[in-house]
Amino acid sequence: MRSATSKFFGFAILFAVVLVQVYMLLVIVGEPVAAEGRLFWLGLHVLSSVACAAAIALIARNMIKGSVAGAAVLALLIGLAIPVVGGLGFALAFLIGTHFANARHDEDVYWQLTDNIDLPFTTPIGRKVSRYDSRGFVEQLIYSEDNDDLYKKVLAATNIQAALSVGLLKRAVQHPDDKIRLTAYQTLDRKVTGLNREIQRLEDRANTQKGLDKSNTWLQIASNYWELITLEKEEPVARKQLLGKAAAAAQKAIDVQPDNRNAHFTLGRALMMQNKAEDAGESFRHALHLGMPKEKVMPYLAEVAFNKREFGLVAEYLAVIDDAFKVYPPLKHVAGYWK
């Protein structure tokens with residue numbers, strides 16, 4: 001009942017406002033307005049626009065979820081800017097739009113959650129049902145006889161990060177099929193070339209930068225060298241050179257920004273692979289002091305302690321790690337042994 005009364009008053013006010021504004025328009029068009037009368041007509045226009053906005057708010061109060069103050073302000077501004085057409089046109093457009101919008105959206109919530117559909121788990125009509133191969137890619141390279149499928153997977157490995165794809169690509173290089181073998185070799189070569197070009201580009205950029213930006217650029221260079229190490233890990237000479245370059249790039253990042261914790265962490269990893277356990281431990285402790293999560297640093301500190309034969313510290317460092325991180329391999333087995 002209250003809603004119907006509000007709408008009735010709203011439409012009554014809106015009708016009266018439209019009559020007043022039409023009368024104003026006819027008067028103004030019919031004869032020029034004297035200077036002393038302009039203030040009166042301006043005031044009447046403003047009052048009619050306010051009444052129009054109030055009428056729209058009364059009509060739409062039960063049509064819109066939440067406050068209608070924004071709509072009322074918008075109606076007032078449009079009414080002031082465009083006499084007659086502004087009030088009447090906006091009222092009609094707004095109310096009709098609100099009516100149809102409410103008819104299309106009956107839910108009170110903004111998000112609708114639906115159950116998982118069956119499409120990803122079923123085979124479309126007319127397509128042959130194939131058996132899912134759950135073996136790892138390296139395992140498939142060794143035992144699978146479907147060379148076309150293996151070739152497509154080798155091609156897909158182009159877009160996988162080097163640290164994750166290098167193992168399977170190097171195994172694919174040993175495949176008897178020429179197409180698979182050559183594609184894997186070209187992919188590895190392309191990754192190495194791309195990383196070297198990126199390193200060169202970043203070095204040129206670092207020469208023009210300062211502060212944190214320069215430090216982060218050198219850190220990215222160190223990370224790219226680290227990816228190259230994964231690609232060249234079976235080449236002792238190249239691996240030694242790349243480790244030195246990765247450590248040097250990380251050190252440059254630290255020299256520019258001493259509180260770059262990621263640079264300290266990356267330097268520690270490079271030093272540890274160079275068998276410099278003491279220096280690596282210092283870098284890891286710096287990273288930890290600067291805010292690097294202990295769950296990420298402590299396993300490396302434990303490895304440094306093991307290499308230095310400080311076995312008591314191994315258990316101490318591993319004990320600091322939250323138990324939630326020690327339920328997954330390989331940390332699970334290491335922590336269980338040193339518990």
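Nothing in this text is a laboratory measurement; each read-out follows from the coordinates by a stated rule. Keep in mind it's a predicted model, so treat the numbers as computed, not measured. As a convention, Cβ positions derive from the backbone with ideal geometry for all residues, glycine included, and neighbour counts pool all protein chains shown.
Values as computed for the structure displayed
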quantity: Extension gain, residue 208 back to residue 322 (0.36 nm per residue minus Cα-Cα distance, nm); calculated: 36.8 nm
quantity: For 278, 139, 303, order by how many other beta-carbon atoms lie within 10 Å, fewest first; calculated: 278, 139, 303
quantity: Largest-first principal axis extents, alpha carbons of segment 136-192, Å; calculated: 29, 21, 16
quantity: Residue order, fewest to most surrounding Cβ atoms within 10 angstrom, among 338, 218, 226; calculated: 338, 226, 218
quantity: Cα centroid of segment 220-249 to Cα centroid of segment 152-212, whole Å; calculated: 13
quantity: Local net charge near residue 223, Cβ-Cβ under 11 Å (Lys/Arg +1, Asp/Glu -1); calculated: -1
quantity: By average C-beta atoms within 10 angstrom, highest first, the peptides 176-186, 48-58; calculated: 48-58, 176-186
quantity: Ratio of the Cα radius of gyration of segment 184-242 to 2.2 N^0.38 Å, where N counts its residues; calculated: 1.24
quantity: Whether segment 259-339 is rounded, prolate or oblate, judged on the alpha carbon gyration tensor where a/c under 1.5 counts as rounded; calculated: oblate
quantity: Pairs beyond 32 Å (Cα-Cα), from 152/245; 245/294; 214/326; calculated: 152/245; 214/326
quantity: Segment residue 22-residue 307, length gained on full extension (0.36 nm per residue, minus Cα span); calculated: 93.4 nm
quantity: Cα coordinate range in segment 205-303, projected on the principal axes (Å, largest first); calculated: 36, 32, 19
quantity: Added length on full extension, which subtracts the Cα-Cα distance from 0.36 nm per residue, residue 295 to residue 282; calculated: 3.0 nm
quantity: Computed Rg/Rh of segment 164-262, alpha carbon atoms with Kirkwood Rh; calculated: 1.09
quantity: Distance in nm between pseudo-label sites at residue 156 and residue 192 (7 Å out along the Cβ direction from Cα); calculated: 2.6
